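K.L.:
Pasting a structure below so you can have a look.
Laboratory data are not the source of any read-out in this text; all were calculated from the coordinates shown. Keep in mind that this is a model prediction, so the values were computed, not measured. Cβ placement follows ideal geometry from the backbone for every residue including glycine, while neighbour counts extend to all protein chains displayed.
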Amino acid sequence: LPAAAPRSGILGRLLGRTAPDSAPRRVLDDAMLESLEELLIAADMGVDTALRVTANMAEGRMGKRLSTQEIKELLAQEIARIMEPVARPMPIYAKRPQVVLVVGVNGSGKTTTIGKLAAQFKGAGKSVVIAAGDTFRAAAVEQLQVWGQRAGVPVMTAPEGSDPASLAYDAMTRAEAEGADLLMIDTAGRLQNRADLMEELAKIVRVIRKKDPSAPHNTLLVLDATTGQNALSQVATFQKLADVSGLVMTKLDGTARGGVLVALADKFGLPIHAIGVGEQIDDLAPFDPQDFAAALTG
Ligand code: GDP
């Protein structure tokens, strides 16, 4: 899937600009390593990860002459090495319903991602129920209903402002009664009041555990890749609010600053289950570390 990677290749452009292919091979020395580090940082990789990538790349190669193409390939190799362990699809369990809690800040692409995932699961022959748990955002509930229609999946809603936990409980009851394979629960993303949000998420988890002590089986954090280094602090925050089991990175189409994915993988090691590559229902792709690394450096 060529769409499964950022098209922008910011790192590739930066590398190309400082060392055009027509330029002679350059010696890999401290000055060159430093400029590579700066490029990686400019591509949103963060300082620690940039240093690790360049150090690994330089090992055993100091003093050697390298072409721009060779530099790109070596960097891609190091980036793919970091990304390979985290490229894992969302695990599917025998448990029915498998409860998937979806968290993330407003605007990250939660609603869209739930719609896309629901369509994929439906396409794989699974029955899905969605609970519109962001009961305080009427627009979010409406959007989710639109996505439910597109995916052919029922969306359970509750009156505006009502308790998301009681909706989650009702949705569990329905999913169990219907023998649904998956229950996906949308949640609020108001980070302005963290204590509130933490209590809200904890309550949802408490009530669904009354029905199934092993739920939720997945807690997906949806992150907008274009927010760059912000994505790192969002992971740290949501790990305190919920037991995040995996990531979906959205908006990797267009001018995504994809370098932050490398920093995320390096720092947190959370699985990246899928990436959003557009606004349409089938614009959700598996995360391919080789494609990603090639596109980032290409
Ligand atoms: P929510 O507030 O987290 O539920 O976010 P939404 O699902 O409503 O998405 C916010 C905006 O991002 C919408 O305009 C979506 O169409 C857009 N969006 C979501 N995922 C992607 C993606 O992968 N690529 C692009 N280009 N846009 C996306």
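K.L.:
Rounded to the nearest 500, what is the 222 nm mean residue ellipticity of the chain from helices alone, with -39500 (n - 2.57) per DSSP H run of 4+ residues and division by all residues?
P.N.:
-15000 deg cm²/dmol
K.L.:
Which lysines, on any chain, are close to Lys64 with Cα under 17 Å apart, when same-chain ones fewer than 8 places away are left out?
P.N.:
Partners within reach: Lys72.
K.L.:
Going through the cross-link list Lys110/Lys211; Lys95/Lys211; Lys126/Lys210; Lys95/Lys122; Lys122/Lys203; Lys240/Lys267, which pairs have a Cα-Cα distance over 19 Å in this structure?
P.N.:
Lys110/Lys211; Lys126/Lys210; Lys122/Lys203
K.L.:
Mind giving me the FRET efficiency for Arg61 and Phe268? R0 is 41 Å, r the Cβ-Cβ distance, nearest 0.05 is fine.
P.N.:
Once the sixth-power term is evaluated, E becomes 0.90.
K.L.:
How large is the charge dipole for region 50-176, taken about the Cα centre, if only the Cβ atoms of Lys, Arg (+1) and Asp, Glu (-1) carry charge, to the nearest 20 debye?
P.N.:
Using Cβ point charges on Lys, Arg, Asp and Glu, region 50-176 gives about 500 debye.
K.L.:
Hey, another quick one. Going by average Cβ neighbours within 10 Å, how do the peptides 112-123, 134-145, 70-81 rank, with the highest at the top?
P.N.:
Ranked from most to least packed, the peptides come out as 112-123, 70-81, 134-145.
K.L.:
Over region 211-288, what is the percentage of antiparallel beta bridges among all DSSP beta bridges, to the nearest 5?
P.N.:
If I count the DSSP bridges inside region 211-288, around 20 percent turn out antiparallel.
K.L.:
Roughly how many Å is it from the Cα centre of region 245-285 to that of region 43-65, as a whole number?
P.N.:
The distance from the Cα centre of region 245-285 to that of region 43-65 comes to 23 Å.
K.L.:
Report the FRET efficiency, 1/(1 + (r/R0)^6), for Gln149 and Ala195, where r is their Cβ-Cβ distance and R0 is 51 Å, rounded to 0.05.
P.N.:
0.90
K.L.:
While we're here: Semi-axes of the equivalent ellipsoid of region 196-237: what are they in whole Å, largest first, if each equals the square root of 5 times a C-alpha gyration tensor eigenvalue?
P.N.:
Each semi-axis is √(5λ); the values are 27, 12, 6 Å.
K.L.:
Counting only DSSP beta bridges with both residues in the chain, what percent are antiparallel, rounded to the nearest 5?
P.N.:
Bridges in the chain are about 15 percent antiparallel.
K.L.:
Right, another one. Post the alpha-carbon centroid distance, region 70-84 to region 131-187, in whole angstrom.
P.N.:
Computed from Cα coordinates, the inter-centre distance equals 41 Å.
K.L.:
Amide H to amide H, which residues 5 or more places from Ile272 or on other chains are under 5 Å from it, using H placed in the peptide plane?
P.N.:
Placed amide hydrogens put Ala87, Arg88, Leu247 under 5 Å from Ile272.
K.L.:
Shifting gears a bit: Given 0.36 nm per residue, what is the gain on full extension from Asn106 to Ser162 after removing their alpha carbon distance, in nm?
P.N.:
Computed gain between Asn106 and Ser162 is 18.3 nm.
K.L.:
Also: Sort the following peptides by mean Cβ neighbour count (other Cβ atoms within 10 Å, averaged over residues), highest first: 161-174, 189-202.
P.N.:
Highest-to-lowest ranking by the protection proxy: 161-174, 189-202.
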